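*Asks:* Okay, here's the structure, questions in a sec.
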Amino acid sequence: MKFNARQRMDGLKLLRALEPGSARLVVFDPQYRAVLDHQAYGNEGERQSARSKLRQMPEAKIAEFVAAVGDVLGRSGHMVLWLDKFSIGEGIHLRLLTAAPGLIRVDLIHWNKLGFGMGPRSRGTSEYAVIVQKRPVRAKGVWTDRSLRDSWSEKKPRGGHPHAKPLGLTKRLIEAVTRHGDLVVDPAAGGYGVLRACRETGREFAGCDVA
Ligand SMILES: C[S@@+](CC[C@H](N)C(=O)[O-])C[C@H]1O[C@@H](n2cnc3c(N)ncnc32)[C@H](O)[C@@H]1O
């Protein structure tokens, strides 16, 4: 297990190798299989076929990750669970959280990518960060950023990983729920934006990707 570095590894193995209760924040951005099935991304051209080549996770596997996140988080620690509109609409986060009864939904932040995506009706430009907290649930003294709004506009990072998340919001969330030197975990790290955010905010990082 390496800290503050990239490593090729199964995320579930990483979560299970960490000391229980050692993390203050887990950022989890699963490669959700059902989204591809729903949107048939493989037929939509270059960028989408790059996405479809990434290792997909069936919902049962994602639920196993969520259960392991429940173990690795310390008391009142947070998970940021990234989902798209399809997953939110299907209530996938509600199903996933049954895998870890100690984890409670406490907030939802909308990311406006300021782009012009796909969609047979409205054109997608949004993703959602479901904010989850391990019991005991409390905001006072744990969530320190009282000016962060629940809608965040930041251009999707260009180049790099096809699912890269916004660096600015990632840093704000890290600073909102962790302190200097705390451990932040990303078990499906993709382009390692969370590692970069940890370096820039002075947090410890443990993360990996199978690719
Ligand atoms: C949605 S992307 C993450 C993007 C990342 N948040 C970023 O900002 O670049 C999901 C990643 O999960 C990885 N992945 C799939 N199965 C995995 C597993 N079992 N363990 C670790 N990573 C996995 C994929 O390779 C992909 O890079």
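*Asks:* Return the calculated 222 nm mean residue ellipticity for the chain, to the nearest 500 deg cm²/dmol, obtained by summing -39500 (n - 2.57) across DSSP H runs with n ≥ 4 and dividing by the residue count.
*Replies:* Working: 8 runs with 66 residues, N = 211.
The helix contribution divided over the chain gives -8500 deg cm²/dmol.
*Asks:* Taking trypsin sites (Lys or Arg not before Pro) as exposed when DSSP calls them loop (any state but H, G, I, E, B) and at most 15 other Cβ atoms lie within 10 Å, what is the longest stretch of the chain free of them, the sites themselves excluded? Could the numbers behind the result be given before it?
*Replies:* Numbers: sites that count: Lys2, Arg6, Lys53, Arg55, Arg121, Arg123, Arg138, Lys140, Arg146, Arg149, Lys155, Arg158, Arg179.
Free of exposed loop sites, the longest segment is 56-120.
*Asks:* Can you put Phe3, Phe116, Phe65 in order, fewest other beta carbons within 10 Å first?
*Replies:* Final ranking by Cβ density, sparse to dense: Phe116, Phe3, Phe65.
*Asks:* Another question, if that's okay. Put one equal scatterer on each alpha carbon of region 88-211, apply the Debye formula with no solvent term, and list log10 I(q)/I(0) at q = 0.13, 0.18 1/Å to two decimals.
*Replies:* Ignoring solvent entirely, the Cα scatterers give -0.61, -1.21.
*Asks:* How compact and how long is the chain, expressed as Rg and Dmax of its alpha-carbon atoms in Å?
*Replies:* So, for the chain, Rg and Dmax equal 16.1, 48 Å respectively.
*Asks:* Going by alpha carbons, how many degrees (0 to 90, nearest 10) lie between the helix axis of 59-72 and the longest principal axis of the chain?
*Replies:* Roughly 20 degrees, rounded to the nearest 10.
*Asks:* Give the percent of DSSP beta bridges with both residues in the chain that are antiparallel, rounded to the nearest 5. Write down the numbers at each step before the final one.
*Replies:* Values: 15 of 31 bridges.
Percentage antiparallel, nearest 5: 50.
*Asks:* Using a ≥ b ≥ c from the Cα gyration tensor of region 155-211 (square roots of the eigenvalues), is it rounded, prolate or oblate, where a/c under 1.5 gives rounded and otherwise the larger of a/b and b/c decides, a/b for prolate?
*Replies:* Values: a/c = 2.49, a/b = 1.36, b/c = 1.84.
Oblate.
Bear in mind that the values in this text are calculations on the coordinates, not laboratory data. Small disclaimer: the values here were computed from a predicted structure and weren't measured. Virtual Cβ from ideal backbone geometry, glycine too; neighbours counted across all protein chains shown.
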